[in-house]
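Please read the structure below before turning to the comments.
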Amino acid sequence: MIITSRIILIFIFLGLQSSNLTTNYLANAQQYPDPETIKKNPAKLDEITKSIFTRFNALSFLFHEDAVNDLSFCMYDITAEWNEAFNFSHDTRFLSNCIKKTNGNILQRLCTAADIKFYVTVLSEAEKQGFKSSTYVKGNKNCNLTSWSPGCEPGWACAARKDVKVDLKNKNEMPYRTTNCKPCCEGFFCPTGLTCMIPCPAGSYCPLARLNRDTNICDPYRYQPPPGMNNHTCGGADVWSAVTSSREVFCPAGSFCPSSIEKYTCEPGHFCRLGSTYETQCYKLATCDKGAANQNITAYGLMMCGGLTLLLLIFYNCTDQVLSTREKRKAKSREAAARSAKDLAQEKWRSAKDGAMKRAVGLQSSLTRTFSRKKSSLSSDPENSHHSTASSNTDNKDQNNNDLTMMMHDLEDDPESHHGFSFGDKNSKKDSKNKKLHTRSQIFQYAYGQIEKEKALELQNTDLTFSGVVSMATDPNFRYRPRIEVSFNDLTLTLKGKNKNLLRCVSGKISPGRVSAVMGPSGAGKTTFLSALTGKARGCTVNGSILINGHIESMSSYKKIIGFVPQDDIVHGDLTVEENLWFSAKCRLPANLSRAEKVLVVERVIESLGLQHVRNSLVGTVEKRGISGGQRKRVNVGLEMVMEPSLLILDEPTSGLDSSSSQLLLKALRREALEAVNVCMVVHQPSYSLFRMFDDLILLAKGGLVAYLGPVKTVEEYFSGLGIHVPDRVNPPDHYIDILEGIIKPNTTSSINYKELPVKWMRHNGYPIPPDMKDSEENISSSTEGSTSTLGGSHDQSFAAELWQEFKLLVQMKNDNFLSYFSRRKDLSGRITPGVCRQYRYFLGRVAKQRIREARLQGVDFLLLLIAGISLGTLAKASDENFGAVGYTYTIIAFSLLSKIAAMRSFTSDKLQFWRERASGMSCFAYFFSKDTIDQFNTVIKPAVYLCTFYYFNPPRSSVFDNYIILLCLLYCVSGFAYALAIYLEPGSAQLWSVLLPVVLTLISTQDGDKGSILPLLKRLSYPSWALEAFLLANAERYRGVWLLTRCAAIAKRGYDLRDWKFCLMRLLVAGLVFRAVALILLVAFQKK
C-alpha cells in the first residue's frame, strides 16, 4: 500500500499540473465571474469550462521524465491512458456545476502539490504502522487538534481567503483554507484531514452523499458526519484509491457512468462491469437481463465444446477410416498378387516338369539305341560302361536342374506371362533390375513371384543344406550378405567391484551358415555369454579376446548387420504385425534398397514365420488383447530377421512356444543360415527333433565354464568317451543339463564328477587350465563354486565401506554407459541405412498411427480438461479486486497437472521398445522429434478445449485469444518438463513428481518472500510464476479509467511490469525448449540399467 500512495501522488500531481495551467490562465485573465454574471451570461461559463479542458487535453506535454519512468511499468501509453481517465471534454457539467456552487471560487478549493505531498506522506506512514484505512490523516496547519474546521471532515472542502494567492505548483507550503467550508462538489473527492478537492476520474461515480438515518452513514460512502454538529451535512466523495479501499467511488456493476455525476442502469441486451463508462452490447446468443454485470456466454462455450468434439470425431474417424481402407486395398492387392504368382508358378512348374519328362524320355530312347548298338562292347568293358552311364545320367540331371532353375528365374522376369519356359535360352532373360515397379500390384506380384520361386527351389533341394541352394546363390539377382565369424579365446567376464566371474575361460567360435545352440543349467551364464559376444556386457571387466573374421574389432562397428532378439517380447502392442515388421525393415535395411525389395523381405519373413493370417492384427498389450503369445514371440524374432542380419543372436526364442511353433521358428532360422547368416541362440531343453536341427552346441556349466563346444553330431560321442551315456528314451540335452545341474549322477564306472567336466573339456582341446583348477577334485570343486562367488575369498567389510563400494560401482556403470554411446566406432558393416531425416519420416508415420489408435485415451484427456474448466469456471469467479488471480492460479495447477500426465505417456509407454531400437542403431533424434511433433497437435487443441468451458463459464476481461496463447505456451513448457521426467524416472516416480511439482511451484509463485530468503529466487525461476504473471497482465491491461490506481498498485505489489507480457510468453517457450533439450540429453546419455 505504500506503493499505492506513491502512485496516487504521481497521478494527482500530474493532474494538478494541468489544473495549474488552467487556473493560472483564469487568474491572469481575471475570469472570476460572480453568480450574477453567470446567470446573465451563461456562455461565459461555457467558455471558461472549455478553456479548462483544452488544457487537460494537452496534459502529455506537462509530464516530467521521472513521472513517466515511475508509471511506465503499469501503462503502455501513459499520456493516452491518463487522458482517457481525465478527459471530460465530452461532458463538463460537473465542473460547471461546481463553479456555480462555489460562486466561481474553484481555484481556492483545489489541492496544491504541497497538499497532495503531505497527504500521501502521512498516508504512507499510517500504512507502515498497520492502518489500512485510506482516510487516515494526521494533523496539519489546516486540520489539527486546535483547529478543525468543517472542511477537515471527509467529503468537505474549504476555500482560501481572497487575499491569499494559491500557487498549485508550490510543493513546500500548504495554503490556509479554513473559510467558506462546503460539501465537496459532485465529481470531486475530498480526503479526510485536507480542505481541498480533487477531480474524480472516468468510470467513477462521485455524487453528494445522503445520510442514512438507520446507520447514520453517508451513503454511498462509508463515513459518518461529525457528532454534535447539526448543521454539518453529508458531503461528497472522500477518497479515490484501489478498489479494495474505495469501491463506493467506482461506478457500480450493472450500471454505467458517462460522467462522474451520472449513473444509468444497463438496458436489456447490454452488460456493465464495475467502473464502466458505457454499456457493452451482449453477443447474440448471450443472455443479458436489465442491470446485468456480465454477459452469460455459456451457450458459446457449449457450442465451441460441441464444435471441437465434432471436429475431433471427424478427424479421428476419417483418419482411422482412411487407414482401414488403405489396409484393405493393400490386403486385396496382396492377396490377388499372391494367388496370381502361385497359379503362375504352379502352371510353369507343371510345364517345366512335362518338358523335363519329355526330354528324359527322348534321352532314354537315345540311350537305349546307343546301348543296343554298343552292347557287345559294353559287355567286354563293364567298368567303362558303368562309368559312361553314370556320367551321362549325371550330365542330364544337371542339365535338367539348370533348366528348372532358369524356368523359375522367368517367374521373376515376367510374372504376368502365361507361356511356357524356353529351356536353355540365356538371351531371353530380361533384366529385372532395370524394370521399375511403381504400383502396389506390381510390387506385390514381384515379391510373391520371388517367394514362389524360392519355394520351388526349396522343393528342388529338400535337404535344406547349404550346398543344396547353390542354384539360389548363383542367381545373378541374389543379394549377398557379408559374413561374420566370431571366435573367442579364453573369454572371461568379471563383475566390477565384486570380483565375481560370470564367464570363465570360454574358447571357441560360431561360424556363418550354421545354427548354434547355447544350453546349460540356470545360472550358467548363457545370456551373459550372448551379451559378451555382442558387446553389451555393462559393469563387467572383459578379459580374453573376441575376434570378428579373424580381426580384433568392436561389435558396435557391425551393429547395422547384427540382430539381437531379447528374451522378452519387446514389440509395439498398438501396431499390427505387418506394421512392426515393416517399420523395422524401412529403418534398418539399406537406404538404396528399392521398395519392391523391402516388400519382398517383409513378405518372406511373414511367410517363413507363419504369420500370414495375423498380419493385420494388433500385437496387443497387457491391457488390450492381441495375438497369441507364440505369435508375439515370432514377431519378436521377425523384427530382426527383416533387417537381413549377418549375425543373429537370440535369447531363448523358443521359450513359451509349443513344439510345432518351435519347429516353424527354427526352420525359418535355418533358412537364414542357408544364406550364410551366423545364428546363435539360447535354448532351454529342446525336444530331440528340435535338438537335431542345430548345427553346433555350446554347453555351459555353472560358473560360466564350457563343458562342450562343437558340432551336435559329435556331442554324444564325446560324452560317451568320458563314460557318460544317454539312457534309452531320454533326450540327450535334458540328460546333459541334469548332470551339469547335479540332479543326476553320471552313469559311469569311473569316478568322474560333474564339476570336472569343464576341466575335461579343456584337457580334451589342449586349452590352458587355471592353476586353481588343476590338481584335484577338491580344487576343482572350490574353484567352480568360487567362480560364481568371489575370487580370493571374502573379506568382511563395514556397512559404510560396502555402501561406498556400491556407489562407486554405480557411478562407474553410468560412466561406461555414457561413454559407450558417445564413443564413435568406425562402421565396418558396409551398410548405409536411412539417415535421420528419413527415419524421422518413418517415426512420424508410426507415432501418428499410434495416436489415432489411442483416440479413446485422448478423449478421456479432453473430457478431464472440460470437467476441470467447468469446475474452476464455476467455483473460482473472476474477481476485479485481484484481476482473477485465484481462478488463474487454480488453472495453472489443474492444466499443468493434466497436461503433464498426458505428455508423459509419450515416452513411458514404449521405453523398452526404444531401448531395443536404439541398440540396433536407430536414431534417437528421429524418435524424439517425431514424438514431439505429433504432440504439438495436443498443444494446439488442449488450450481450446479447456477455455471453451473455463472462459465461457467465468469470462474475465482479457480476450479469449490472450488466454489461449498463454495456455499454449504453458502447455509447451510443461510438456517438455514431462518429457524429462518420463525419460529419466520410472513411471510411478514420474507420475508422483508430475503431480507434486505443479502444486508446489504454483504455491511458491503466489508467495511474497522476504528479502534474503530463497523464495524470491525460486519464484523467479518457476514457470507457474511466468504463466500467472502473463494471465494477470493480460487481464489488468483491460482495466482503465478509474481502475488505473488499482491496476498500478496490484502490478507494483507483485513486482510485475505490464511491458513484460510478451517476455513471459518467451520465457515459457524458452523453458519448453530447454526442458526438451534436457530430455533429449537424458534420452541419449542414459540407458536401461
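The values are calculated or read from the model by the stated rules, or taken from the named source; none is laboratory data. On a predicted model such as this, the values are computed, not experimentally measured, just so you know. Here the Cβ positions follow ideal geometry from the backbone for every residue, glycine too, while neighbour counts run over all protein chains shown. Note: accessible area is taken over every heavy atom of the protein model, side chains too, but ligands, DNA and RNA are not part of it. Shrake-Rupley method; radii C 1.70, N 1.55, O 1.52, S 1.80 Å.
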Yes or no: ILE941 assigned to a helix (DSSP H, G or I), out of contact with any Lys or Arg (no Cβ under 8 Å at 6 or more places or on another chain), touching a residue at least 60 places away in the same chain (Cβ under 8 Å) and buried (at least 21 other Cβ atoms within 10 Å of the Cβ)?
-> no
If you take the residues of the range 511-525 that are closer than 27 Å to TYR754 by Cα and out of contact with any Leu (no Cβ under 8 Å at 6 or more places or on another chain), which of them is most open to solvent (accessible area, probe 1.4 Å)?
-> SER522
Residue check, LYS141 modelled with pLDDT of 75 or more, open to solvent by 60 Å² or more (accessible area, probe 1.4 Å) and in a helix (DSSP H, G or I) = no
Residue within the range 890-900 that is modelled with pLDDT of 85 or more, open to solvent by less than 20 Å² (accessible area, probe 1.4 Å), touching a helix residue (DSSP H, G or I) at 6+ places or on another chain (Cβ under 7 Å) and of a type in the set (A, V, I, L, M, F, W, C) present | yes
May I ask you to list the residues in the range 180-211 that are of a type outside the set (Lys, Arg) and open to solvent by 40 Å² or more (accessible area, probe 1.4 Å)?
-> ASN180, GLU186, TYR205, LEU208, LEU211
Given (1) among the acidic types (Asp, Glu); (2) open to solvent by 50 Å² or more (accessible area, probe 1.4 Å); (3) in contact (Cβ under 8 Å) with a residue 60 or more places away in the chain, number of the condition ASP1008 does not satisfy = (3)
Only helices (runs of 4 or more DSSP H) wholly contained in the range 678-755 count here; list those with 2 or more residues that are among the charged types (D, E, K, R).
-> 715-721, 732-741
Out of all the residues in the range 616-649, which are more than 18 Å from LEU666 (Cβ to Cβ) and open to solvent by 10 Å² or more (accessible area, probe 1.4 Å)?
-> ASN616, SER617, LEU618, THR621, VAL622, GLU623, LYS624, ARG625, GLY626, ILE627, SER628, GLU644
Residues in the range 1011-1025 that are open to solvent by 30 Å² or more (accessible area, probe 1.4 Å) and at negative phi: how many?
-> 10
At least 3 residues that are touching a residue at least 40 places away in the same chain (Cβ under 8 Å) and over 27 Å from MET555 (Cβ atoms) in each: list the helices (runs of 4 or more DSSP H) lying fully within the range 832-926 that qualify.
-> 836-853, 855-875, 885-908
Test: residue in the range 1014-1030 that is assigned to a helix (DSSP H, G or I), among the hydroxyl-bearing types (Ser, Thr, Tyr) and at pLDDT below 90 = no
If you scan the range 616-643, which residues turn out to be at pLDDT below 90 and charged (D, E, K, R)?
-> GLU623, LYS624, ARG625
If you check every pair at least six apart or on different chains, which have Cβ atoms under 8 Å apart with a residue in the range 161-184 that is within 29 Å of ALA209 (Cβ to Cβ) and among the aromatic types (Phe, Trp, Tyr) first and a residue that is open to solvent by 80 Å² or more (accessible area, probe 1.4 Å) and assigned to a loop (DSSP other than H, G, I, E, B) second?
-> TYR176/ARG161
Filter the range 526-577 for residues that are acidic (Asp, Glu) and more than 20 Å from ASN678 (Cβ to Cβ); which is most open to solvent (accessible area, probe 1.4 Å)?
-> ASP568
If you take the residues of the range 947-983 that are among the hydroxyl-bearing types (Ser, Thr, Tyr) and modelled with pLDDT of 90 or more, which of them is surrounded by the fewest Cβ atoms within 10 Å (Cβ to Cβ)?
-> TYR964
Is it true that some residue in the range 1057-1070 is assigned to a helix (DSSP H, G or I), open to solvent by less than 30 Å² (accessible area, probe 1.4 Å) and charged (D, E, K, R)?
-> no
Filter the range 663-675 for residues that are open to solvent by 10 Å² or more (accessible area, probe 1.4 Å) and not charged (D, E, K, R); which is modelled with the lowest pLDDT?
-> LEU674
Does LYS182 qualify as being among the basic types (Lys, Arg), over 26 Å from TRP1043 (Cβ atoms) and out of contact with any strand residue (DSSP E or B) (no Cβ under 9 Å at 6 or more places or on another chain)?
-> no
Please tell me if TYR927 is of a type outside the set (S, T, N, Q), open to solvent by less than 20 Å² (accessible area, probe 1.4 Å) and within 22 Å of the chain's Cα centre (by Cα).
-> yes
Could we say that GLU248 is of a type in the set (D, E, K, R) and within 24 Å of GLY1041 (Cβ to Cβ) here?
-> yes
Can you run down the residue pairs with Cβ atoms below 8 Å, 6 or more apart or on separate chains, where the first is in the range 617-633 and over 15 Å from ARG856 (Cβ atoms) and the partner is loosely packed, with under 15 Cβ neighbours inside 10 Å and among the charged types (D, E, K, R)?
-> GLY630/ASP658
Among the residues of the range 851-879, write down those that are surrounded by 17 or more Cβ atoms within 10 Å (Cβ to Cβ) and either small (Gly, Ala, Ser) or touching a Gly at 6+ places or on another chain (Cβ under 8 Å) (or both).
-> ALA868, GLY869, LEU872, GLY873, ALA876, ALA878
Output the residues belonging to the range 543-581 that are among the hydrophobic types (A, V, I, L, M, F, W, C) and free of Cβ contacts under 8 Å to residues at least 24 places away in the same chain.
-> ILE552, MET555
Within the range 234-285, the residues that are acidic (Asp, Glu), open to solvent by 20 Å² or more (accessible area, probe 1.4 Å) and farther than 24 Å from PHE883 by Cβ are GLU262, GLU267
Counted residues in the range 144-165 being within 30 Å of PHE250 (Cβ to Cβ) and surrounded by fewer than 22 Cβ atoms within 10 Å (Cβ to Cβ) come to 3
Within the range 212-233, residues being free of Cβ contacts under 8 Å to residues at least 24 places away in the same chain and either closer than 22 Å to ASN97 by Cα or loosely packed, with under 13 Cβ neighbours inside 10 Å (or both) number 9
Listed by first then second residue, the pairs whose first member lies in the range 275-286 and is without any contact (Cβ under 8 Å) to a residue 40 or more places away in the chain and of a type in the set (A, V, I, L, M, F, W, C), whose partner is outside any strand (DSSP E or B) and open to solvent by less than 60 Å² (accessible area, probe 1.4 Å), with beta carbons under 6 Å and at least 6 positions apart or on separate chains, are CYS282/GLY269; CYS282/CYS288; CYS282/GLN295; LEU285/ALA299; ALA286/GLN295; ALA286/ILE297
